[in-house]
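Colleague: Quick one: structure below, then a few questions.
What follows is calculated from the coordinates using simple rules that are stated; it is not laboratory data. Model, not experiment: these values are computed from the prediction. Cβ sites come from the backbone with ideal geometry, for glycine too, and all protein chains shown count toward neighbours.
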Amino acid sequence: MKRLPLPIPMALSAMRLFKLCPTLLALLLLTGCSLLNQMNQSHSPNTLRVLHYNIFELDSEKIEDLKLKDRPSLQLKSVKELLAPFDFHLLSVNEIQYDQPGVPYPSFQSDGENLAKLTHWLRPNKGWDFHFVPANTGAEAKKIAPQSYATSEDEGARFYADPNNYGLFPGQYSTGLSSRYPIKKKISIKSLPWKSFHPEINLNRFRNGQREKLPKDLALFDKAFMDTVIEVNHKEVHVITLHTVPAYHFGNKQSPNYQRNLDQLRFLEWYLTGKTDIKTQQQYEGISPLKEGSYFIAMGDWNTDINQKNPGSAVLKRLAKSERLFPAHSKTWEAKGFLPGRMNMRLDYIYYSDNIQLMKAQVVIPDEKRVLLGCEKESLPVQEDEKREVVSYTNKAGKECFVSLNQEFKVAKDASDHFPIWAEFKLR
């Protein structure tokens, strides 16, 4: 096709423009180079940005709401708003339901799509790869109706819950990893018997949620232990994701949770370092520890505060001696609601190998900026600041009290009872 010349007036205008503004071309070139540099920085060799988040009870019903993009649930709208400023190559999610046909109701028919739906909604990028497996939690749950599982945490529903790996329906509280780097290998450990890893453990001294003896072949992991192998600048990196059982009894004085949390963290320590404080084998069901010198990043809700006296906290203290356990001080979980002096704990962690350098990291907790407004609604001042929000709580005297908060903090509270961890690493 013959290319037509520019009309003379237009050509003259373009020539005159560059004669009159000789810096314009240079400015355009510099702007283009700057944008290119920003793109290169976000995918620079040896740099890896990760975000770990326990998103409170993220089930299929909430994720189905994402189809209504203009009307997502308040929780997921808050999650997206909270994470918006953060770039990441890896997204670790705890407490996401692994969707299966007919769970929890017959109307749900997807299979293993929840993680992809969430990730593409948060970051519309076609380059994502996924490692997502159903947790053991809820696998033995009973249906409350011929075709439906319980979904609410009331006392009646607990009768139908899985008594050994607590969950109201199959796949509840699963873990997933989304990666912008192609995944080379996926390892998931779900069926390893607890006694195979720790033969000396006496399971007979424990009772499950129904106050019954534990099965002799009970799995070590109530959810799953996952190792996702990616390649970053020709280096293999093992990304370990683990959500342990809570180090808490939930009213059962013979609960196995404290010991199980300890042994799950011992397995993590053995897998990463090749040793722990009990006698171990060289491998279990074909699974061996990582080779010395391997690149790894391990993260998750490990469900015990390093400063508590729980047995599992001793493992975290051993890992912390390396000064490669983050965070060192900050809380990552906080009780729901807005009472003053709310309980909080450090439950989520990232631990990384010594050939990886932590460049920067933070637990994403906006400032609360709390101002007590009083406990009489009639006396409340007019709220004029759009960046603040009024919420209420019931005090010990039974009165409803009101506080003004930073709106960003309210968003974080609406998103989850955990706070996300973001980190940037450099591979040496």
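Colleague: So what is the calculated 222 nm ellipticity per residue for the chain, using -39500 (n - 2.57) for each DSSP H run with n of 4 or more, over all residues, to the nearest 500 deg cm²/dmol?
Modeller: One gets -7000 deg cm²/dmol as the mean residue ellipticity at 222 nm.
Colleague: How large is ³J(HN,Hα) for each residue in region 258-266, as worked out from phi by the Karplus curve 6.51 cos²θ - 1.76 cosθ + 1.60 (θ = phi - 60°), to whole Hz, x for Gly and Pro?
Modeller: Once θ is set to phi - 60°, the couplings for region 258-266 become 5, 5, 5, 4, 4, 6, 5, 6, 4 Hz.
Colleague: For residue 62, list the aspartates and glutamates whose Cα falls under 12 Å from its own Cα; do not include residues on the same chain fewer than 8 positions away.
Modeller: Once the sequence-local aspartates and glutamates are set aside, what remains near residue 62 is 99.
Colleague: Do any of 223/426; 67/117; 186/279; 213/253 go past 21 Å between their Cα atoms, and which?
Modeller: 223/426; 186/279
Colleague: Any idea what Rg and Dmax come out to for region 284-428 if you just take the C-alpha atoms, in Å?
Modeller: 20.1, 68
Colleague: In whole Hz, what ³J(HN,Hα) sequence does region 192-209 give by Karplus (6.51, -1.76, 1.60; θ = phi - 60°), x for Gly and Pro?
Modeller: 4, x, 4, 5, 5, 7, 10, x, 7, 5, 9, 6, 5, 7, 10, 9, 7, x
Colleague: Running a GNM on the chain with Cα contacts under 10 Å, which residue among 220, 347, 122 ends up with the highest mean-square fluctuation?
Modeller: Largest GNM mean-square fluctuation: 122.
Colleague: Out of all Cα-Cα pairs in the chain, roughly what percent, to the nearest whole number, are more than 32 Å apart?
Modeller: Every Cα pair in the chain considered, those over 32 Å come to 45 percent.
Colleague: Restricting to Cα atoms and excluding each atom paired with itself, what does the Kirkwood estimate give for region 69-222 in Å?
Modeller: 17.5 Å
Colleague: Could you give the dipole magnitude of the chain about its Cα centre, charging the beta-carbon of Lys and Arg +1 and that of Asp and Glu -1, in debye to the nearest 20?
Modeller: Once rounded to the nearest 20, the dipole reads 1040 debye.
Colleague: How about residue 142: which aspartates and glutamates have a C-alpha closer than 13 Å to its C-alpha, ignoring those fewer than 8 places off in the same chain?
Modeller: 162
Colleague: Could I ask something else about it? Take the chain, connect every pair of alpha-carbon atoms lying under 10 Å apart with a spring to form a Gaussian network, then pick out the residue of 208, 54, 233 with the largest mean-square fluctuation.
Modeller: Top of the fluctuation ranking is 233.
Colleague: A further question follows. Students often forget the sequence filter, so: which lysines lie under 25 Å Cα-Cα from residue 399 once same-chain residues fewer than 8 apart are removed?
Modeller: 336, 369, 377, 410, 413
Colleague: For residue 376 and residue 324, FRET efficiency with R0 = 45 Å and r from the beta-carbon atoms, rounded to 0.05?
Modeller: Computed FRET efficiency for residue 324 and residue 376 comes out at 0.30.
Colleague: How tilted is helix 74-83 with respect to the longest principal axis of the chain? Cα atoms for both, answer in degrees (0 to 90, nearest 10).
Modeller: It is inclined by approximately 60 degrees.
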